[in-house]
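Visitor: Next up is a structure, given as structure tokens.
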């Protein structure tokens, strides 16, 4: 077995999973016959074996995490400065200014994120221009047009 076996849901690969051990136990002094003692002893032995397998799986998982960390440290990336207009009926219009690292494998890590209310559009655009000057050569994206449904 491997830690990857815990990352399946209904037979399909998943991004997350759980490792859980559950065991029902009773106080030994409450058990009255040899048959029930044997049953609980066998159940405890199986839980111990399951725990050993899970320790092996989690050890393998930690090794995979260390390998991922090492690959992220040397993976090429590009930085992107972006301003986006968001309009949600429950929060209203907002402008989001971000600087993010886009890695070669498609992952993204935000280095900076600032949100401005719709009435402060000019401040958001000013901040965007200021960040462009502070980071020469950074790739910039503007997404501040109204959505089709707003027109």
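The values are calculated or read from the model by the stated rules, or taken from the named source; none is laboratory data. Everything numeric in this text was worked out from a predicted model, so none of it was measured. Neighbour counts run over all protein chains shown; Cβ positions are idealised from the backbone, glycine included.
Visitor: Before we move on, is residue 127 surrounded by 15 or more Cβ atoms within 10 Å (Cβ to Cβ) and either touching a strand residue (DSSP E or B) at 6+ places or on another chain (Cβ under 8 Å) or at pLDDT 95 or above (or both)? Step through it out loud before you land on a result.
Guide: Working: surrounded by 15 or more Cβ atoms within 10 Å (Cβ to Cβ): yes; either touching a strand residue (DSSP E or B) at 6+ places or on another chain (Cβ under 8 Å) or at pLDDT 95 or above (or both): yes.
The answer is yes for residue 127.
Visitor: Going through 82, 22, 27, 68 one at a time, which residue ends up being under 30 Å from residue 138 (Cα atoms) and over 20 Å from the mean Cα position of the chain (by Cα)?
Guide: On the way: 22 fails: under 30 Å from residue 138 (Cα atoms); 27 fails: under 30 Å from residue 138 (Cα atoms); 68 fails: over 20 Å from the mean Cα position of the chain (by Cα).
Checking each option against the conditions leaves just 82.
Visitor: Still on this structure, I have one more. Scan 86, 73, 108, 113 and give me the residue that is touching a strand residue (DSSP E or B) at 6+ places or on another chain (Cβ under 7 Å), over 25 Å from residue 149 (Cα atoms) and modelled with pLDDT under 95. Don't jump to the end; show me each part of the working.
Guide: Details: 86 fails: over 25 Å from residue 149 (Cα atoms); 73 fails: touching a strand residue (DSSP E or B) at 6+ places or on another chain (Cβ under 7 Å); 113 fails: modelled with pLDDT under 95.
None of the other options fit; the residue is 108.
Visitor: Of these, 56, 60, 23, which one is part of a helix (DSSP H, G or I), touching a helix residue (DSSP H, G or I) at 6+ places or on another chain (Cβ under 7 Å) and not assigned by TED's automatic domain parsing to the domain that holds residue 120? Step through it out loud before you land on a result.
Guide: Details: 56 fails: touching a helix residue (DSSP H, G or I) at 6+ places or on another chain (Cβ under 7 Å); 23 fails: part of a helix (DSSP H, G or I).
It is 60.
Visitor: Can you report the number of residues in the range 1-20 which are free of Cβ contacts under 8 Å to residues at least 24 places away in the same chain and either exposed (fewer than 10 other Cβ atoms within 10 Å of the Cβ) or part of a loop (DSSP other than H, G, I, E, B) (or both)?
Guide: Here is the first cut: in the range 1-20, the residues free of Cβ contacts under 8 Å to residues at least 24 places away in the same chain are 4, 7-18, 20.
Pick out the ones that are also either exposed (fewer than 10 other Cβ atoms within 10 Å of the Cβ) or part of a loop (DSSP other than H, G, I, E, B) (or both) and you get 7, 10-18, 20.
The number of residues fulfilling the criteria is 11.
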